[in-house]
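A short worksheet on the structure shown next.
The values are calculated or read from the model by the stated rules, or taken from the named source; none is laboratory data. As the structure is a computational prediction, the values presented were derived from the model and not from experiment. No Cβ is skipped: glycine too gets one built from the backbone with ideal geometry, and neighbour counts run over all protein chains shown. Note: areas computed on protein heavy atoms with side chains; ligands, DNA, RNA excluded. Shrake-Rupley method; radii C 1.70, N 1.55, O 1.52, S 1.80 Å.
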Amino acid sequence: MAKGILHLMESGMNHFSKGQRRIAAYILENYDKAAFMTASHLGSLVGVSESTVVRFAFELGYDGYPSMQRALQEMIRSRLTSTQRIQAAEDIFSGPDVLPAVIQSDIDKLRLMSSHANQSEFDRVVDKLIGSRHTYILGVRSSSFVAGYLNFYMHLLTENVTLIQSNAAGEMFEQMLRIGPGDVMIAISFPRYSKVTINTVKFARDRGASIIAITDNELSPVYQLSEAALLAPCEMISFVDSMVAPLSLINALLVALSNRAGADVSATFAELENIWNEYGVFGKMDDE
């Protein structure tokens, strides 16, 4: 558990190497920042090599640095306000290197998601969506844009899709008036978890719908309410969250659904191409 990490570091100071003691001391004082650093960045801050940081994670009993990092993140998950995130980000994403630092952070999240991908759970989610009578997509606050992206493409795959608009909580329940057994709700939720999302998911589940969660962690409230879940890291120590990994996960889901739909998708896009061409939907580059 994440809480145990700090205890392991405190109790292990006497037998850590000199470099490991420096790593432990920094994390104990700055765990809210260290939880979102790459091994390379953490090592450069304390004056040790990246490999020393990785070996330190093994010394604590983790199977690698990403596992230790996740444990730290779980400890502070949902505790940081936007102001605290901005303050913590000053040491990580500042100066002229902000662009490569953010890009590297996103790359690390994609690698983490790829290394922990659960293919059988992914296939189970695809099966549920293929067999769904009607699919409802829910995402509020920053997750609303992810939900909208998923909704746009799913509408090209099937007509039985509803994007729950989050303008007002009461209106959300009205949009789900007919939800019930045989239906599936895709609930997209990332820290700080919205109570509106949680209550809406409870309503859908109480009405007999199946819940698929797209979230970041098994401790997520929507994960606890779901029948199947897809996990993607999103933490970036700033006032914004990184949706690179969740969007990549959704791209994979859309491609899998398209592959299962087969000829139906081809027919749909053939018809769309005719419509686009007839009504000049897309401009064409002038011949030079």
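Remarks
- Computed log₁₀ I(q)/I(0) - Debye formula, equal Cα scatterers, no solvent, segment 107-211, q 0.11 Å⁻¹: -0.35
- Helix 263-278 axis, angle to the chain major axis (alpha carbon atoms, nearest 10°): 70
- Ordering N217, P233, F203 by Cα displacement along the dipole of segment 201-246 toward the positive end leaves F203 in first place; charges were set at the Cβ atoms of Lys, Arg (+1) and Asp, Glu (-1).
- Helix 143-157 axis, angle to the chain major axis (alpha carbon atoms, nearest 10°): 40
- Long-range Cα-Cα pairs in the chain (distance over 29 Å), rounded percent: 44
- Taking every alpha-carbon pair under 8 Å whose residues sit at least 6 apart, segment 176-252 reaches a relative contact order of 25 percent.
- A simple count of charges around L110, restricted to other residues whose Cβ falls under 14 Å of its Cβ and scoring Lys, Arg +1 and Asp, Glu -1, yields -2.
- Counting every pair of alpha carbons in segment 146-288, the share spaced more than 18 Å apart comes to 64 percent.
- The chain, dipole about Cα centre (Lys/Arg Cβ +1, Asp/Glu Cβ -1), debye to the nearest 20: 1200
- Among residues other than H15 with Cβ under 15 Å from its Cβ, the summed charge is +2 (Lys and Arg +1, Asp and Glu -1).
- Between the listed residues M113, A24, N167, the Cα displaced farthest toward the positive end of the dipole of the chain, a dipole computed from Cβ unit charges relative to the Cα centre, is found at A24.
- Vicinal HN-Hα couplings computed from phi for segment 14-19 (Karplus, 6.51 cos²θ - 1.76 cosθ + 1.60; Hz; Gly/Pro x): 5, 10, 5, 5, 4, x
- Estimated dipole of segment 131-237 in Debye, rounded to 20 [Cβ of Lys and Arg +1, of Asp and Glu -1, Cα centre]: 180
- Restriction of the GluC sites (Glu not before Pro) in segment 193-236 to DSSP coil positions whose beta-carbon has at most 11 other beta-carbons within 10 angstrom yields E218.
- Taking amide H as placed 1.01 Å from N in the peptide plane, the amide H of V161 sits under 5 Å from that of T135, each at least 5 places away or on another chain.
- Between the amide H of M185 and those of Y136, S210, I211, I212, distances stay under 5 Å, these residues lying 5 or more places away or on another chain, with hydrogens modeled in the peptide plane.
- Taking the charge dipole of the chain about its Cα centre, with +1 at Lys and Arg Cβ atoms and -1 at Asp and Glu Cβ atoms, the residue from A187, A34, N251 reaching farthest to the positive side is A34.
- Degrees, to the nearest 10: 195-206 long Cα axis against longest axis of the chain: 50
- With 10 Å bins from 0: P(r) over segment 1-41, alpha-carbon pairs, percent: 29, 57, 14
- Helix-derived mean residue ellipticity, 222 nm - over the chain, DSSP H n ≥ 4, -39500 (n - 2.57), to 500: -18000 deg cm²/dmol
- Model label zone, W276; criterion: amide N under 17 Å from point 7 Å along Cα-to-beta-carbon; scope segment 140-169: 152-158
- Sorting E159, E50 by accessible area puts them as E159, E50; the probe is 1.4 Å, largest comes first, and only protein heavy atoms count.
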